[in-house]
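Here's the structure, in structure tokens; my notes come after.
The values are calculated or read from the model by the stated rules, or taken from the named source; none is laboratory data. Because the structure is predicted, anything quoted here is derived from the model rather than measured. FYI the Cβ positions are ideal-geometry reconstructions off the backbone, even for glycines, and counts take in every protein chain you see.
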């Protein structure tokens, strides 16, 4: 457990650097990320490098006892490079290049940019690969930010056609897989295929899905190039990338496979404002963030990181990029920091050391104000450092790796497919996945977030949000685990080529769940369907967004546990497999998960929506997002390492389990 900070020496007079480094070290900061946006200073003129300033900055930080996270500066290609190769700019769906003047103005498929990136990455890695102060590396910065994964450039189209050739081998195989006989869309060669954009009406869904798959693979290819260069010139130093919160435009599992550390940038208040949450939810958690949002991302990135994951950028105060930008409540920066460690983070790095008084992010807070005084976030970071020392002194295994009893399956391709074929405008895969996760956390459960190809051995409860395309061996792996399995609606509803399965949904999963979904419907946001549990409680709830119609004859072989008002099954069970035919309200979802968890032998604890508990090694962490104190029962007073039995609003308590 350690803390870090993001620093931009090029933004400040060199006379400030030594004092900044001294104060960082005094605050307890151990690692400093630099240079991710510094290409124009590193190479101000084509082929002419100015290393002096960066050499001195690295030396100053190293002399203060700080470890440097050196970044490749490819997120911001300089103006001279764009002028030389304007084809580097990505092209939007409107056919227009996206211009120079901000950041991430490049196309992953551009051959000119690929080679320019290879050259600058090699230069930086050769220069600093074995510098004693450089302990870690970061590739680029926030791949895909500002809607830059998908480009419709000529270069992207050329590479897409090559990608299709590799996938399908023959044009006849592609025509058959896509079903291009529909609307007379058959192709005679791969060279006839264009990007699926600017069509009169909806472009072919299989075409669109493959374009998303292709664009995702381009990100992985680009990142792999950088990682290979770094490993060649800086052996033994871990390589990271900073992913974004709940970002789903490329397959992060594929990119993380080439990394040592998956890191992410945590901005809970900006995320709350920008995501799907209803106005009353946004108002309630305005200055704290939703109690499950940061932890969901922690668990996503923990699951794909070889070494302990990091938070590369932790929000320290108000940000600048959401529609409205409130200030965190006192204590929240501390709470967010400890919550990351409770989920297994190796480092929490704050963005940034000092608030910039110029340019696009001048309203984005740092640990210090623009006049160089420690801000509230800086004070809370200092408190976290003191508490880390206390925790580590009492528990050397405070961040020990554990495996949860509960797994949640998370799939990027599912999001793309439902975006292409929503059937209902608000069928939002990230939202429904998050709601399942939130229900599990409200029951006091630690959750491992895993990909569809994970091993499920050792789990007692496996929860699968709507998963349209399931791998061929998915049912067998689930059954072999011996766990209780919950499947959301639309699971198994499509084949890999985006067709309806020949035997209807759930397709191949019918081997373990013998049902037949013969009709579906989507529901408007102001429409719900009543649901009643078929148990002694007779509890009721509502179905939202979607409804699967389960064949009544097939349902006779199933245990029907809940019904819609018209008598159709809403929740059925077959052995260890549970199928939910809709998305239910939060209270009903929590109730069902609690019942299934009990059948799985997993103990739950009703926490409500304000308090969250996490367990790492021998420690239990308690976080209070609410407005009222929360009292812990049945914990000895001498068990507490941080805090006490009464957890104040925005408070943290840590005790020996």
Criterion violated by residue 237 - all others in (1) within 23 Å of residue 416 (Cα to Cα); (2) part of a loop (DSSP other than H, G, I, E, B) satisfied
(1)
Of the criteria (1) surrounded by fewer than 19 Cβ atoms within 10 Å (Cβ to Cβ); (2) on the phi < 0 side of the Ramachandran plot, which one residue 418 fails
(1)
Test residue 269 against the criterion of being surrounded by fewer than 24 Cβ atoms within 10 Å (Cβ to Cβ), out of contact with any helix residue (DSSP H, G or I) (no Cβ under 6 Å at 6 or more places or on another chain) and in contact (Cβ under 8 Å) with a residue 40 or more places away in the chain, and give yes or no.
no
Can you find a residue in segment 53-60 that is assigned to a loop (DSSP other than H, G, I, E, B) and assigned by TED's automatic domain parsing to the domain that holds residue 121?
no
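Here's the yes/no breakdown for (1) over 21 Å from the mean Cα position of the chain (by Cα); (2) part of a loop (DSSP other than H, G, I, E, B); (3) closer than 28 Å to residue 167 by Cα; (4) without any contact (Cβ under 8 Å) to a residue 24 or more places away in the chain:
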{"position": "187", "(1), (2), (3), (4)": "yes, yes, yes, yes"}
{"position": "195", "(1), (2), (3), (4)": "yes, yes, yes, no"}
{"position": "201", "(1), (2), (3), (4)": "yes, yes, yes, yes"}
{"position": "221", "(1), (2), (3), (4)": "no, no, yes, no"}
{"position": "247", "(1), (2), (3), (4)": "no, yes, yes, no"}
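For segment 373-394, enumerate the residues that are in a loop (DSSP other than H, G, I, E, B) and touching a residue at least 24 places away in the same chain (Cβ under 8 Å).
Answer for segment 373-394, where residues must be in a loop (DSSP other than H, G, I, E, B) and touching a residue at least 24 places away in the same chain (Cβ under 8 Å): just 375.
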Among 251, 260, 210, which is in contact with a strand residue (DSSP E or B) (Cβ under 8 Å, 6 or more places away or on another chain) and either at pLDDT 95 or above or crowded, with 22+ Cβ neighbours inside 10 Å (or both)?
260
Which numbered condition residue 191 fails, given (1) part of a helix (DSSP H, G or I); (2) surrounded by 16 or more Cβ atoms within 10 Å (Cβ to Cβ); (3) in contact with a helix residue (DSSP H, G or I) (Cβ under 9 Å, 6 or more places away or on another chain)
(2)
Flag for residue 504 being in contact with a strand residue (DSSP E or B) (Cβ under 8 Å, 6 or more places away or on another chain), closer than 20 Å to residue 519 by Cβ, in contact (Cβ under 8 Å) with a residue 24 or more places away in the chain and assigned to a loop (DSSP other than H, G, I, E, B)
no
Could you check residue 401 against (1) at pLDDT 95 or above; (2) part of a loop (DSSP other than H, G, I, E, B); (3) within 29 Å of residue 448 (Cα to Cα) and say which number it fails?
(1)
Within segment 437-468, restricting attention to residues that are assigned to a helix (DSSP H, G or I) and in contact with a helix residue (DSSP H, G or I) (Cβ under 7 Å, 6 or more places away or on another chain), which residue is nearest to residue 602 (Cα to Cα)?
440
Here is a list: 122, 45. Which entry is surrounded by fewer than 17 Cβ atoms within 10 Å (Cβ to Cβ) and either without any contact (Cβ under 8 Å) to a residue 40 or more places away in the chain or within 22 Å of residue 231 (Cβ to Cβ) (or both)?
45
Answer yes if at least one residue in segment 447-457 is within 22 Å of residue 518 (Cβ to Cβ), at pLDDT 95 or above and in contact with a strand residue (DSSP E or B) (Cβ under 9 Å, 6 or more places away or on another chain), and no otherwise.
no
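Give the residue, chosen from 562, 570, 483, that is buried (at least 16 other Cβ atoms within 10 Å of the Cβ), modelled with pLDDT of 95 or more, closer than 18 Å to residue 599 by Cα and more than 28 Å from the chain's Cα centre (by Cα).
562
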Take the residues of segment 489-535 that are touching a helix residue (DSSP H, G or I) at 6+ places or on another chain (Cβ under 7 Å) and within 20 Å of residue 439 (Cβ to Cβ): which is surrounded by the most Cβ atoms within 10 Å (Cβ to Cβ)?
491
For strands (runs of 3 or more DSSP E) lying entirely in segment 597-657, having 1 or more residues that are in contact with a helix residue (DSSP H, G or I) (Cβ under 7 Å, 6 or more places away or on another chain), touching a residue at least 40 places away in the same chain (Cβ under 8 Å) and closer than 20 Å to residue 460 by Cβ picks out 611-616
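A quick yes/no check of all residues on (1) out of contact with any helix residue (DSSP H, G or I) (no Cβ under 9 Å at 6 or more places or on another chain); (2) part of a strand (DSSP E or B); (3) under 30 Å from residue 52 (Cα atoms):
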| position | (1), (2), (3) |
| --- | --- |
| 112 | no, no, yes |
| 115 | yes, no, yes |
| 122 | no, no, yes |
| 126 | no, no, yes |
| 131 | no, no, yes |
| 141 | yes, no, yes |
| 148 | yes, no, no |
| 159 | no, no, no |
